[in-house]
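Quick notes on the structure that follows.
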């Protein structure tokens, strides 16, 4: 009887560690399928599978924390998979969707996006190991959020608009999204949200509105949420700079 109980405990422990890794592998699978669809010219399907990969990425981290089964190997696997699903897949998608007619510009910004994602993940892993990372903020735009900027653009427009400067504008978007990943801008992680606290009722209300909007207008809502979150980091930084600039002036006026 004791041996049977021990075997059951071992099996349960193995499942605890395997489940998050299986979700990570699903993330990789969806990213690989997204690349396949992008090559075949099925851009909307490619974008959808990157979103599926983002859902798996969200679930594997939450599952690992809930089961207390986070391991160094799991974290490294997650980073490698994220580079494929949210770095390589979106860059191939955006290049084949609208930038292939401008090979030099398209190749440059698409590759820059992959490099920015790789550097972002490397820095995140380093900060996590050193225990410097914050639960409240991400330093630099997270790579899944950066991928959603490109994905939401494809889903919003469906086919590239026949605007003369659209490829240049899109190239600028990809460039700045890449820069935001390696920047020191702070982006809210929402990991500190405690739904039991009265202070976070407004956050819960906002998420309810966002979910309702996603159900009613999925592509438009995703587009504005993705771009809004990507711009929240530099906007917060500019607000901080402006407040620091005018604060001494206000203090001097009060003294006078």
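The values are calculated or read from the model by the stated rules, or taken from the named source; none is laboratory data. Every value quoted in this text rests on a predicted model; they were computed, and no experiment measured them. All Cβ positions, glycine included, derive from the backbone under ideal geometry; neighbour counts span all protein chains shown.
Here are the criteria: (1) modelled with pLDDT of 85 or more; (2) loosely packed, with under 10 Cβ neighbours inside 10 Å. Tell me which single one residue 254 does not satisfy.
Unmet for residue 254, out of (1) modelled with pLDDT of 85 or more; (2) loosely packed, with under 10 Cβ neighbours inside 10 Å: (1).
Can you pull out the residues in segment 153-169 that are part of a helix (DSSP H, G or I), in contact (Cβ under 8 Å) with a residue 40 or more places away in the chain and surrounded by fewer than 23 Cβ atoms within 10 Å (Cβ to Cβ)?
So the first thing to find is which residues in segment 153-169 are part of a helix (DSSP H, G or I), and the list is 153-157, 166-169.
Next, only the ones that are in contact (Cβ under 8 Å) with a residue 40 or more places away in the chain stay: 153-156, 166-168.
Those that are part of a helix (DSSP H, G or I), in contact (Cβ under 8 Å) with a residue 40 or more places away in the chain and surrounded by fewer than 23 Cβ atoms within 10 Å (Cβ to Cβ): 155, 156, 166, 167, 168.
Give the residue that is farthest from the chain's Cα centre (by Cα), with candidates limited to residues of segment 1-28 that are under 16 Å from residue 143 (Cβ atoms) and at pLDDT 95 or above.
28
Just give me the residues in segment 29-62 being surrounded by fewer than 19 Cβ atoms within 10 Å (Cβ to Cβ), in a helix (DSSP H, G or I) and over 14 Å from the mean Cα position of the chain (by Cα), in sequence order.
Of everything in segment 29-62, those that are surrounded by fewer than 19 Cβ atoms within 10 Å (Cβ to Cβ), in a helix (DSSP H, G or I) and over 14 Å from the mean Cα position of the chain (by Cα) turn out to be 29, 32, 36, 39, 44, 45, 48, 62.
Would you say residue 67 is touching a strand residue (DSSP E or B) at 6+ places or on another chain (Cβ under 9 Å) and farther than 30 Å from residue 169 by Cβ?
So residue 67 fails the test.
Quick one: would you say residue 172 is modelled with pLDDT of 95 or more, part of a helix (DSSP H, G or I) and surrounded by fewer than 14 Cβ atoms within 10 Å (Cβ to Cβ)?
Yes; evaluated as a whole, the condition is true for this residue.
Check 100, 135, 129 and return the single one that is loosely packed, with under 15 Cβ neighbours inside 10 Å and closer than 16 Å to residue 174 by Cβ.
Being loosely packed, with under 15 Cβ neighbours inside 10 Å and closer than 16 Å to residue 174 by Cβ holds for just one of 100, 135, 129, which is 100.
Looking for something more than 18 Å from the chain's Cα centre (by Cα) and crowded, with 20+ Cβ neighbours inside 10 Å - is there at least one such residue anywhere in segment 82-95? Spell out the reasoning first.
Keep residues of segment 82-95 that are more than 18 Å from the chain's Cα centre (by Cα), which gives 95.
Now drop any that are not crowded, with 20+ Cβ neighbours inside 10 Å, which leaves 95.
Yes, segment 82-95 has at least one match.
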